[in-house]
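Data block below; observations after.
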Amino acid sequence: MEIITRFAPSPTGYIHIGNVRSAIYPYLLAKQNKGKMILRIEDTDRARYVEGATKLIEDTLEWLGLNWDEGPIVGGPHGPYFQSERMEIYHKWARKLIESGRAYADPTPPEQIAQHREKCNQEKIPFLYRNFRPENTPEWKPGIPLRFKAEPKSYTWHDEVMGDMHAGPEVLDDIILIKKDGYPTYNFAHIVDDAEMGVTHVMRGVEYLSSTPNYLALYEALHLAQPKLVSLPHILAPQGNKKLGKRDGAKSVTEYRDDGVLAEAMLNYLACLGWNDGTEQEIYTKDELIKNFSLERIQNSGARYDETKLLWLNGQWIRRIFTEQGAEALYTRTTNFWPEIANDFSDEYKIKVLSIIYDRLKTLSDLREMTTYFFEDPRIDIDTLINNKFIKKLSEAEIEELLKLTIAKLTDLKEWNADNIQTILNELLTKTGKKPAELFSLIRIAISFAPFSPALNLTMDVLGRDITLARLNAVARSI
RNA sequence: GGUCUCGUAGUAUAACGGUUAGUACAUCGGGUUUUCAUCCCGACAACGCGGGUUCGACUCCCGCCGAGAUCACCA
């Protein structure tokens with residue numbers, strides 16, 4: 001049987017790292033089994049609807065490479081994929097329930113319901129609406145909510161992550177199926193949609209675990225086959241024990257993209273947060289995740305979000321793309337991350353810069369701060385120079401002498417390349433008898449005035465003879 | 001409060017009932033001709049508590065404690 005999964009977000013805002021896993025796992029499972037993932041937009045709450053949120057959701061999935069097989073944009077045989085466009089379908093199924101006596105229109109005003117609830121709270125007994133079921137119910141028509149008529153009974157079921165589950169009749173209640181505005185509730189709509197769309201695996205956060213018995217009752221009353229149920233544990237906020245949410249400052253997934261995190265790293269990190277394949281592998285490509293993914297190995301307790309590890313993984317991915325796919329491949333990802341002044345420089349030059357700096361990037365946006373001296377002359381700051389912990393050991397006369405000697409040697413260099421520059425540097429070392437730390441720090445700071453930079457000979461090679469000498473001369477004059 | 005779920009280092013996790021409880025991130029040391037980073041080596045650090053069952057329990061059972069989820073005309 002073909003496996004069909006779905007990701008069914010409501011368009012109330014951006015997708016953040018706390019909830020994107022419910023898109024990743026369905027995707028992996030579907031792809032692993034040559035099945036399909038459906039994207040369905042659950043927009044039945046008109047009050048919380050946010051304009052543009054659907055676009056945000058689509059962007060996020062596209063960036064991560066979680067391409068849905070059916071849904072908005074791509075279409076498919078089970079559309080429409082917006083719940084707001086499926087009203088007749090819900091009403092059709094609702095009528096079936098009414099006809100079989102399993103649903104009723106409920107005219108009880110909200111204030112009275114609140115009173116019932118309040119009374120139960122005071123008496124410290126569970127509030128169950130079925131105990132307050134109205135005796136005479138009108139015919140169902142727009143403006144009156146439709147409730148399920150629950151039967152108090154026990155259910156057992158199997159959750160692919162949580163294992164065998166059991167619940168008693170005390171959790172079964174007359175849940176609202178259709179709201180008074182005519183829109184279905186999540187509880188009803190998702191059951192109908194999953195069935196109509198042929199969804200075989202319902203994967204969602206654990207928060208739905210407690211309402212599962214009510215869903216089972218609905219499948220039963222509707223004579224629908226029960227799909228496999230998969231509860232995904234929460235991702236916890238860095239602080240405290242709450243699930244990661246927007247109020248903990250959970251950033252949107254695309255914000256990480258804009259901050260220079262690679263999609264590969266993001267997917268890798270999130271997939272492995274609360275899941276592992278039992279090996280000690282840490283770096284997974286999307287294809288490897290698809291190949292190795294398994295429901296059984298999803299963790300059943302919440303996992304804390306750890307941005308430090310994400311950034312480590314991102315560094316790993318930056319280096320991996322560079323070494324496996326080449327400098328150009330990495331360069332194509334860096335377009336938006338160079339300092340503004342770099343716009344005037346050629347791709348070729350920027351690729352050279354990237355090639356010597358890439359292994360110290362944690363995120364691509366580090367380029368902005370780390371590469372400026374490749375594009376403009378640094379401001380000469382003699383204090384920084386002479387206060388450096390190595391250069392401090394040299395007298396001003398020595399500094400001047402060393403700079404002059406370096407300039408002279410480099411001027412005589414016939415072919416300007418990294419190896420030859422290194423030879424010169426080595427010669428200078430033996431000739432002056434200075435320690436590498438002293439001489440190299442002096443030159444490094446004089447040409448960059450940066451807190452750190454790549455190996456000296458590489459930096460000088462990329463900068464070129466003219467600029468290197470010009471900067472050294474400028475510093476020599478300022479001493 | 002009712003119902004349900006979870007509990008291995010700071011974090012993420014591994015371990016047929018028998019291991020010096022493994023790995024990674026973080027932290028702290030050390031190494032690779034300057035810095036920062038990479039890379040390499042090393043160190044620190046965990047089975048929530050109490051009972052059982054067993055020759056033997058992180059692993060099975062019970063109790064406790066702790067944490068979380070849910071009890072909406074939100075999803």
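Values in this text are rule-based calculations from the coordinates and carry no lab data. Worth saying up front: this structure is predicted, and the values here are computed from it rather than measured. Ideal geometry is used to build each Cβ from the backbone, glycine not excepted, and the neighbour counts take in all protein chains shown.
Per residue of the range A:264-281, what does 6.51 cos²θ - 1.76 cosθ + 1.60 with θ = phi - 60° give for ³J(HN,Hα)? Whole Hz please, x for Gly and Pro, Karplus curve as stated.
4, 5, 5, 4, 4, 5, 5, 5, 8, 8, x, 8, 8, 9, x, 9, 9, 5
Using only helices, what value at 222 nm comes out for chain A when you add -39,500 (n - 2.57) per DSSP H run of length 4 or more and divide by the total residues, to the nearest 500 deg cm²/dmol? Don't jump to the answer; show the numbers that get you there.
On the way: 19 runs with 208 residues, N = 479.
Value at 222 nm, helices only, nearest 500: -13000 deg cm²/dmol.
Lys/Arg Cβ at +1, Asp/Glu Cβ at -1, dipole of chain A taken about the Cα centre: which of A:TYR256, A:PRO339, A:THR323 is farthest positive-ward?
Checking the options against the dipole of chain A, the answer is A:TYR256.
Residues with amide H under 5 Å of A:TRP275's amide H, sequence separation 5 or more or different chain, H placed in the peptide plane at 1.01 Å from N; which?
Those lying under 5 Å, H to H, from A:TRP275 are A:GLN299.
Less than 12 Å Cβ to Cβ from A:ARG21, Lys/Arg counted +1 and Asp/Glu -1: what total charge do the surrounding residues give?
On the way: positive: A:ARG204, A:LYS243; negative: none.
Taking every Cβ under 12 Å from that of A:ARG21, the sum is +2.
State the three equivalent ellipsoid semi-axes of the range A:11-133, derived from the C-alpha gyration tensor as the square roots of 5 times its eigenvalues, in descending order and whole Å. Don't skip to the answer; put the middle values down first.
On the way: eigenvalues 266, 80, 48 Å².
Each semi-axis is the square root of five times an eigenvalue, giving 36, 20, 15 Å.
Please list, in chain and number order, the residues 5+ apart from A:ILE178 or on another chain whose amide H is under 5 Å from its amide H, with Hs placed from the backbone.
For A:ILE178, whose amide H was placed from the backbone, the distant partners under 5 Å are A:LEU146, A:THR185.
Please identify every one of the GluC sites (Glu not before Pro) in the range A:406-479 that sits in a loop by DSSP and has no more than 16 other beta carbons within 10 Å of its own beta carbon.
On the way: sites: A:GLU415, A:GLU427, A:GLU438; in loops: A:GLU415.
Passing both the DSSP loop test and the Cβ count: A:GLU415.
Loop only per DSSP, at most 16 neighbouring Cβ atoms within 10 Å: give me the GluC sites (Glu not before Pro) in the range A:323-394, ordered by residue number. Write down the numbers at each step before the final one.
On the way: sites: A:GLU324, A:GLU328, A:GLU340, A:GLU348, A:GLU369, A:GLU376; in loops: A:GLU376.
Passing sites in the range A:323-394 are A:GLU376.
Under a point-charge model restricted to the Cβ atoms of Lys and Arg (+1) and Asp and Glu (-1), what is the dipole moment magnitude of the range A:382-478 relative to its Cα centre, in debye to the nearest 20?
Working: 13 positive and 12 negative charges, 42 e Å.
Taking the Cα centre of the range A:382-478 as origin, the dipole is about 200 debye.
Classify the range A:409-458 as rounded, prolate or oblate, taking a ≥ b ≥ c as the square roots of the eigenvalues of its Cα gyration tensor: rounded when a/c is under 1.5, otherwise prolate if a/b is larger than b/c and oblate if not.
On the way: a/c = 2.01, a/b = 1.20, b/c = 1.67.
Since a/c reaches 1.5 but b/c is at least a/b, the shape of the range A:409-458 is classed as oblate.
In whole Hz and in residue order, list the ³J(HN,Hα) couplings for the range A:86-102 that follow from phi through the Karplus curve 6.51 cos²θ - 1.76 cosθ + 1.60, θ = phi - 60°; x for Gly and Pro.
10, 4, 4, 4, 5, 5, 4, 5, 5, 5, 4, 5, 5, 4, 8, x, 9
Quick check: Cα centre of the range A:128-167 to Cα centre of the range A:438-479, how many Å?
Centre-to-centre distance over Cα atoms comes out at 75 Å.
Treating each Cα of chain A as an identical point scatterer and ignoring solvent, apply the Debye formula and state log10 I(q)/I(0) at q = 0.09, 0.14 Å⁻¹.
Treating every Cα as an identical point scatterer, log10 I(q)/I(0) equals -0.74, -1.31.
Which percentage, to the nearest 5, of the DSSP beta bridges contained in chain A is antiparallel? Please report the intermediate quantities before stating the final value.
Numbers: 15 of 30 bridges.
Of all bridge pairs located within chain A, approximately 50 percent are antiparallel.
If amide hydrogens are placed 1.01 Å from N in the peptide plane, which non-local residues have theirs closer than 5 Å to the one on A:ASP173?
none
Per the Kirkwood formula on distinct C-alpha pairs, the Rh of the range A:382-478 is how many angstrom?
Values: mean 1/r = 0.0755 Å⁻¹.
That comes to 13.3 Å for the range A:382-478.
Only loop residues by DSSP count here, and only those with at most 16 other Cβ atoms within 10 Å; note down the trypsin sites (Lys or Arg not before Pro) in the range A:138-186 that meet that.
On the way: sites: A:ARG147, A:LYS149, A:LYS153, A:LYS179, A:LYS180; in loops: A:LYS149, A:LYS153, A:LYS179, A:LYS180.
Sparse-neighbourhood loop trypsin sites (Lys or Arg not before Pro): A:LYS153, A:LYS179, A:LYS180.
I need the phi-derived Karplus couplings for the range A:403-420: 6.51 cos²θ - 1.76 cosθ + 1.60, θ = phi - 60°, integer Hz, Gly and Pro marked x.
In residue order, the calculated couplings are 4, 4, 4, 4, 4, 4, 4, 5, 4, 6, 5, 6, 10, 8, 8, 4, 5, 5 Hz.
Please report the antiparallel percentage of the DSSP beta bridges confined to the range A:1-148, to the nearest 5.
Numbers: 4 of 10 bridges.
The answer is about 40 percent antiparallel.
For the cross-link pairs A:LYS309/A:LYS434; A:LYS286/A:LYS309; A:LYS124/A:LYS228, which exceed 30 Å when the distance is taken from alpha carbon to alpha carbon?
Listed pairs above 30 Å: A:LYS309/A:LYS434; A:LYS124/A:LYS228.
Show me A:118-129, A:1-12 ranked by packing, highest mean number of other Cβ atoms within 10 Å first.
Working: A:118-129: 12.0, A:1-12: 20.2.
Order by mean packing, descending: A:1-12, A:118-129.
Run down the lysines and flag those whose C-alpha is under 22 Å from the C-alpha of A:LYS141, throwing out any fewer than 8 positions away in its chain.
Candidates past the 8-residue exclusion: A:LYS92, A:LYS96, A:LYS149, A:LYS179, A:LYS180.
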